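The values are calculated or read from the model by the stated rules, or taken from the named source; none is laboratory data. Because the structure is predicted, anything quoted here is derived from the model rather than measured. Methodologically, a virtual Cβ is constructed for each residue, glycine included, from the backbone with ideal geometry; neighbour enumeration extends over all protein chains shown.
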Amino acid sequence: MSTSNFTGKVVLPTILGSPGAAPFDGEKTAATRRPRGRKGMEGMLVRHDKRFLTMLQDFYVACLKMPMGRFLLGVFLAPVALALLFTPFFVMDMGGLSFDGTTLAETVPGEAKVAAASRRFSALLNVFLYALSLSTTFGGSPVVALSPYCLLVANINTLMAQFLFVFLSGGVFARMSQPSHPVRCSKKAIIRSDDYVSTPGEKKNRVFAVRLVLTGPAPCELVDAKICLTSRIFVKLPSGSMFCSTQDLELVRPEVSYLRYGMMVTHIIDKKSPIYGHTMETLMNGDASFSLTIMGLERTSMQPIFHWEDNFECAGDVVWDGDYEDFIHINRDGQRLLDHSKIDSLKAFKFGGIISQAITRMENDVATRKAREAQAEKEEKEKLKESEAEVAAGGPVAFEPPKQWMNSLRIRKLWKSKSTSFTRAPDW
């Protein structure tokens, strides 16, 4: 179990059925309200060193981690950003630039204000296009640098452009050489009763289940796949510090030597489970979340595969008493069809079924209570008979007075009639 802490020296209490650990340093939270669920976890801030080289390296790594659409957009916008950076340096010496044999800083006597503004805008646009041509290493522009200052800025611009394209080419190669992501998990996890108990009389436990399928061009297969499901819940210690408890959940199949098509990742919530005894309310109060990670090798290319999926209780990613729709069908040709478009589909929530289950549980409770009352009444009658027998034999006896016993019996019969009418008359 791993922990994350935030100030004050405290002693860990018993959390999720595990004994307390050694004291640690934490920090008392000052905020009275914090984001919960996915926003709370993804919105966590991490403070790094503020050194320039570290920031530059982190920026480059962050660019590599961007989604493909943003990454391609950044590749095309990088030269434009470099041109915008060098344009003010060229504007500082407009007289050092020539456009069609005339300097950009020349003025026309008696020129109108509108014409002068238009000419200045055209000059600025030509300067920007000149910086852009240097940033793209194209070099084709009607603007020519004449002064030593402009020549120096133009050379530095070209050198920075080449340096930029080294990074861009390395980034594109890194992104294109990354392995594919052939794993897809359902966006909704379910917690339901285990319907696959084969032993008669065995107690049914709840199960936590998530769908997992393999996508991509066929055949899509994983070798030596390892699957891990982790639960994470926040609790507030008596000292006021926040404590994050992270534990791995035992899976039915944590390792698969050969995986094809997909599988159902299942965790049985028995007494050994860290989430045993929790309800939807307790998990939401603790901002609980579940992380599913899959690691393996893609069989064709033997490239490593890694995929993770987070399900947050507060975000509605965990559905209680739900079930997935069947997405394996047989088409007209008799072939099995695995429909990935229904991986997130859940069966319709039937309120009638839930109500009938509640009524059944209520009737069972009433029947149990009635049986206990009948047993108690039977024992009282047996005691009364024994007492009467002792009185008839002339021996000493200490028993409950008949009048008091009849009053208690009458009260029990009254409660019995009330419990019976509870199921028959809703308006009682």
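Could you tell me whether any residue of the range 206-223 is in contact with a helix residue (DSSP H, G or I) (Cβ under 9 Å, 6 or more places away or on another chain), in the same structural domain as P304 (by TED's automatic domain parsing), in a strand (DSSP E or B) and crowded, with 16+ Cβ neighbours inside 10 Å?
There is at least one residue in the range 206-223 that is in contact with a helix residue (DSSP H, G or I) (Cβ under 9 Å, 6 or more places away or on another chain), in the same structural domain as P304 (by TED's automatic domain parsing), in a strand (DSSP E or B) and crowded, with 16+ Cβ neighbours inside 10 Å.
Scan the range 132-150 residue by residue and report those that are touching a Phe, Trp or Tyr at 6+ places or on another chain (Cβ under 8 Å) and exposed (fewer than 15 other Cβ atoms within 10 Å of the Cβ).
Answer for the range 132-150, where residues must be touching a Phe, Trp or Tyr at 6+ places or on another chain (Cβ under 8 Å) and exposed (fewer than 15 other Cβ atoms within 10 Å of the Cβ): T137, P142.
Quick one: which strands (runs of 3 or more DSSP E) sit completely within the range 234-342 and have at least 2 residues that are within 19 Å of the chain's Cα centre (by Cα), aromatic (F, W, Y) and under 30 Å from M176 (Cβ atoms)? It would help to see each step written out before you state the result.
Numbers: elements: 242-249, 255-260, 262-269, 289-298, 304-312, 318-320, 328-330, 336-338.
Of the strands (runs of 3 or more DSSP E) lying wholly inside the range 234-342, those with at least 2 residues that are within 19 Å of the chain's Cα centre (by Cα), aromatic (F, W, Y) and under 30 Å from M176 (Cβ atoms) span 304-312.
Among the residues of the range 137-168, write down those that are within 24 Å of L77 (Cβ to Cβ), assigned to a helix (DSSP H, G or I) and not hydrophobic (A, V, I, L, M, F, W, C).
Step one: filter the range 137-168 for residues within 24 Å of L77 (Cβ to Cβ), giving 137-141, 143, 153-168.
Checking the rest, the ones that are also assigned to a helix (DSSP H, G or I) come to 153-168.
Correct list: N155, N157, T158, Q162.
Which of the following residues is under 30 Å from D317 (Cα atoms), at pLDDT below 80 and under 27 Å from the mean Cα position of the chain (by Cα): G43, G69?
Values: G69 fails: at pLDDT below 80.
Criteria check complete, one pass: G43.
Take the range 170-186 and flag every residue that is closer than 19 Å to G296 by Cβ and modelled with pLDDT of 75 or more. Let's see the steps before the verdict.
Just the residues of the range 170-186 that are closer than 19 Å to G296 by Cβ, to begin with: 177-186.
P182, V183, R184, C185, S186 - these are the residues of the range 170-186 that are closer than 19 Å to G296 by Cβ and modelled with pLDDT of 75 or more.
Scan the range 125-136 for residues that are part of a helix (DSSP H, G or I) and either not assigned by TED's automatic domain parsing to the domain that holds L85 or not aliphatic (A, V, I, L, M) (or both) and jot them down.
So the first thing to find is which residues in the range 125-136 are part of a helix (DSSP H, G or I), and the list is 125-135.
Within the range 125-136, N126, F128, Y130, S133, S135 meet the criteria.
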